[in-house]
Amino acid sequence: MIKVGMDISQLAHKGGVAVYTKNLAGQLSKLSDLEMVFFYSSLRQPYHGSLKKVSKYKLPPTFFELLFNRWRNINVEKFIGAIDVFHSSDWTQPPSIAKKVTTYHDLVPLIHPEWSHPKIVSVHKRRLKLVAKEIDMVIAVSKATKNDLMKISKIPEEKITVIYEAADSSFKPQSEQLIEEFKKRINLPDDFVLAIGGVGERRNLARVRQASKKYNLVVAGENIPWVSFEDLPLLYSSAKVLLYPSFYEGFGLPILEAMSCGIPVITSSVSAMPEVGGEAAEYVNPESVVDIENKLKLVMEDQKKREVMIKKGFEQAKIFSWEKCATETYEVYHNLL
């Protein structure tokens, strides 16, 4: 029996890292060879999940960043007890006498600091130095993220393993009735192109707007508010296509989420996106408005093309699963010991 401590503080926030943390922690808890204990800290968001053995601290993440990344005079064992392996999240790297594992989701603050707040950039720079010096194994969520890590850090290749994440099981096709009710509730047009908002230029929204002039464009987080996680499958299912020509993604969960809901995906031919989309997505040069415009016209107006893409999308999404992610993560723990 391996006793693993895991930082699940990211559950206090929204986004891909929280999806990863929730699903991986849940699946690891089902494995009979593991005893999981969890560390959770948030000042404003109490822990509401169903995981057992969660040590909860009502303190801001900035406090633990100071304690674990800078002062470094208290081991994580003081908070969660003796463990064999500690799996850190993407904010702090606490001292520990256990074997240490961490997951890198992307390198946005380090490769594109212009898209992040300076404070976040400094935290990630500080933490990467600790990871390079102390970590026993880094999990990268894509080959692209692994390659980025090798470019900007001194972490040797043999200490980085690629383990893919997956879409949450809630992402699946929705009934016409639910879709119609959802469209009325948040005032969505009948046919629209869906894009995802974000900080800075990363999501390429200026070119998205130019390329989508002939169609109704809905940008999540901009001309509609961010919807709840529970409503996301309805948002994808309501759209005609996901247009996601991002400049950089560590993985690109929206690609799998959209495919799982049965809508075609147009995404970029750079970064991790081709790894996730496989042969099911249409790819564009994110710098080219003309390329994006042409692919969008094709996918919006060619019904046979759409049907093929939707079928391939379902098949592609099935390649990725949280069960597989948990099994491969368990193997990392086991091999370290």
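The values are calculated or read from the model by the stated rules, or taken from the named source; none is laboratory data. Keep in mind it's a predicted model, so treat the numbers as computed, not measured. All Cβ positions, even for glycine, are placed from backbone atoms using ideal geometry, and neighbour counts span all protein chains on display.
Scan segment 290-304 for residues that are outside any loop (DSSP other than H, G, I, E, B), charged (D, E, K, R) and under 18 Å from Phe192 (Cβ atoms) and jot them down.
Passing the criteria: Glu293, Lys295, Lys297, Glu301.
Give the residues of segment 278-291 that are among the aliphatic types (A, V, I, L, M) and surrounded by fewer than 24 Cβ atoms within 10 Å (Cβ to Cβ), sorted by residue number.
Of everything in segment 278-291, those that are among the aliphatic types (A, V, I, L, M) and surrounded by fewer than 24 Cβ atoms within 10 Å (Cβ to Cβ) turn out to be Ala280, Val289, Val290.
Which of the residues spanning segment 77-88 are farther than 21 Å from Asn335 by Cβ and either under 27 Å from the mean Cα position of the chain (by Cα) or assigned to a helix (DSSP H, G or I) (or both)?
Glu77, Lys78, Phe79, Ile80 - these are the residues of segment 77-88 that are farther than 21 Å from Asn335 by Cβ and either under 27 Å from the mean Cα position of the chain (by Cα) or assigned to a helix (DSSP H, G or I) (or both).
Would you check if there is a residue in segment 324-333 being part of a helix (DSSP H, G or I), more than 30 Å from Gly5 (Cβ to Cβ) and either touching a helix residue (DSSP H, G or I) at 6+ places or on another chain (Cβ under 9 Å) or not aromatic (Phe, Trp, Tyr) (or both)?
No, that holds for no residue.
Among the residues that make up segment 137-146, is at least one of them in the same structural domain as Tyr47 (by TED's automatic domain parsing) and loosely packed, with under 15 Cβ neighbours inside 10 Å?
Yes - at least one qualifying residue is present in segment 137-146.
Here's a check for you: in segment 159-173, which residue that is of a type outside the set (Ser, Thr, Tyr) and crowded, with 18+ Cβ neighbours inside 10 Å is farthest from Asp291 (Cα to Cα)?
Ile160
Is there a residue in segment 305-318 that is assigned to a helix (DSSP H, G or I), within 18 Å of the chain's Cα centre (by Cα), of a type in the set (S, T, N, Q) and within 30 Å of Met1 (Cβ to Cβ)?
No, because not a single residue in segment 305-318 is assigned to a helix (DSSP H, G or I), within 18 Å of the chain's Cα centre (by Cα), of a type in the set (S, T, N, Q) and within 30 Å of Met1 (Cβ to Cβ).
Can you name the residue in segment 242-277 that is over 18 Å from Lys14 (Cβ atoms) and touching a Leu at 6+ places or on another chain (Cβ under 7 Å) and, of all such residues, is surrounded by the fewest Cβ atoms within 10 Å (Cβ to Cβ)?
Top of the filtered list is Ile263.
Quickly run through segment 22-44 and pick out the residues that are farther than 17 Å from Trp91 by Cα, in contact with a strand residue (DSSP E or B) (Cβ under 8 Å, 6 or more places away or on another chain) and outside any helix (DSSP H, G or I).
Ser29, Asp33, Leu34, Glu35, Met36, Val37
Across segment 203-237, what is the total count of residues that are touching a residue at least 24 places away in the same chain (Cβ under 8 Å) and in contact with a strand residue (DSSP E or B) (Cβ under 8 Å, 6 or more places away or on another chain)?
Matching residues across segment 203-237 total 17.
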